[in-house]
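The values are calculated or read from the model by the stated rules, or taken from the named source; none is laboratory data. This is a predicted model, so every value here is computed, not measured. Positions of Cβ are generated from backbone atoms using ideal geometry, with glycine treated the same way; all protein chains shown enter the neighbour counts. With ligands, DNA and RNA removed, areas are computed over all heavy atoms of the protein, side chains included. Shrake-Rupley method; radii C 1.70, N 1.55, O 1.52, S 1.80 Å.
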Amino acid sequence: CADALDSGELADACPGGAAEPFWHYGSERVPPGGHGMCAGLDGLNDACSSYGGDEARTCEYMRSLRLPATALVQHERYVPLELPPCSWPVAHVRMLVMLREPAERAQSAYTFGLQKCICTFSFPWCKMYTSFRFSQRRAVLCDGKQPKHSFSTAVSVLRTHAGKDFPAATADTMLILGRYAASIVKEVYAPYFGGYRRDEASPWLASASLARATLAHCFTWVGIAEEMPLSLALLKAELPQFFGNLNTEHVRAQWASTSTKQDASDIGNHSHPYLRTQLLSNDYAIYDAERARLFRRAAKQGIAVVAASQSAPLRV
């Protein structure tokens, strides 16, 4: 409800603002040039992260904030504040996160990357796709300013070429599509919340169990986008000092599935079983566990549970 304090447009989202006044720093330390940036044909770019990914500088920034405050920081992996480089054993930080159904998130990223970047160059960093070496790929991926191939087709290519690398230099339409899809359709929750390595020289690994422990013990609130009404009701109940006045019926608080916005031929393809069982299996394990925990938290608060999502059978 911080924005509602200084924005007439959102004033009705939190009538009266937050019960406890606080300083709102927003995303001032997230690079403006990285807006909309995600994994693309050549992977991640450090410009996505606060301070270029320098965790120590991010921790210094958070320590300098006038409290109580809200701020958005962005990093490729979860930063444990109690460990180096932060070494902040009693951090006065409360973290919030909203999870999306994994394949829904992947389908959204697939379409966003094409519509807003590769096919239209909507952001400054997308200029890389105007170069000659990308022109052939762009012709394969785009029909004017729109994606040429559905998400379902892209997933089918990944399944057909399972376990194979997609070459950077190729004229084959399906291999070009597969290379782009492989850069987008990959796990996000497991490496972010459950990333670890044995020492500085070792490669990063990911654990779904570690991710679940991180979400359960290091985050104050975890919501599920597909269960938006229930998630927001819990936000009000669990953090009343900040969100007690939240109007959950406000237009900004509503949620619409990405898959229902696509062409009719692609609706529902985000739930392709190959994604759940193969490509995004760890992310689904995390998502399913947090969705079940959401329902348990709601029951504890005395909130009626009405499942909106049919992502998976609920085991409370």
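The residues of region 204-245 that are hydrophobic (A, V, I, L, M, F, W, C) and farther than 20 Å from ALA299 by Cα, listed by number, are TRP204, LEU205, ALA206, ALA208, LEU210, ALA211, ALA213, CYS218, PHE242.
Within region 35-42, does at least one residue satisfy the condition of being on the phi < 0 side of the Ramachandran plot, at pLDDT below 65, surrounded by fewer than 16 Cβ atoms within 10 Å (Cβ to Cβ) and under 23 Å from the mean Cα position of the chain (by Cα)? Among the residues of region 35-42, at least one is on the phi < 0 side of the Ramachandran plot, at pLDDT below 65, surrounded by fewer than 16 Cβ atoms within 10 Å (Cβ to Cβ) and under 23 Å from the mean Cα position of the chain (by Cα), which makes the answer yes.
If the condition is being touching a helix residue (DSSP H, G or I) at 6+ places or on another chain (Cβ under 7 Å) and closer than 15 Å to SER64 by Cβ, then region 82-92 contributes CYS86, TRP88.
Could you look through region 85-110, keep only residues that are over 19 Å from GLY194 (Cβ atoms) and free of Cβ contacts under 8 Å to residues at least 60 places away in the same chain, and pick out the one that is surrounded by the most Cβ atoms within 10 Å (Cβ to Cβ)?
Per the criteria, the residue is TRP88.
Scanning region 275-309 for residues that are part of a loop (DSSP other than H, G, I, E, B) and either more than 26 Å from ARG159 (Cα to Cα) or among the basic types (Lys, Arg) (or both) returns GLN301, GLY302, ILE303, ALA304, VAL305, VAL306, ALA307, ALA308. Just give me the residues in region 131-179 being open to solvent by 40 Å² or more (accessible area, probe 1.4 Å) and either under 17 Å from LEU279 (Cα atoms) or in contact with a strand residue (DSSP E or B) (Cβ under 7 Å, 6 or more places away or on another chain) (or both), in sequence order. Hits for region 131-179 are LYS148, THR153, SER156, ARG159, THR160, HIS161, ALA162, GLY163, LYS164, ASP165, ARG179.
The helices (runs of 4 or more DSSP H) falling completely within region 109-197 that include 2 or more residues that are more than 23 Å from the chain's Cα centre (by Cα) and at pLDDT 90 or above map to 132-141, 151-160, 173-184. Residues being assigned to a loop (DSSP other than H, G, I, E, B) and more than 30 Å from THR160 (Cβ to Cβ) are entirely absent from region 203-216.
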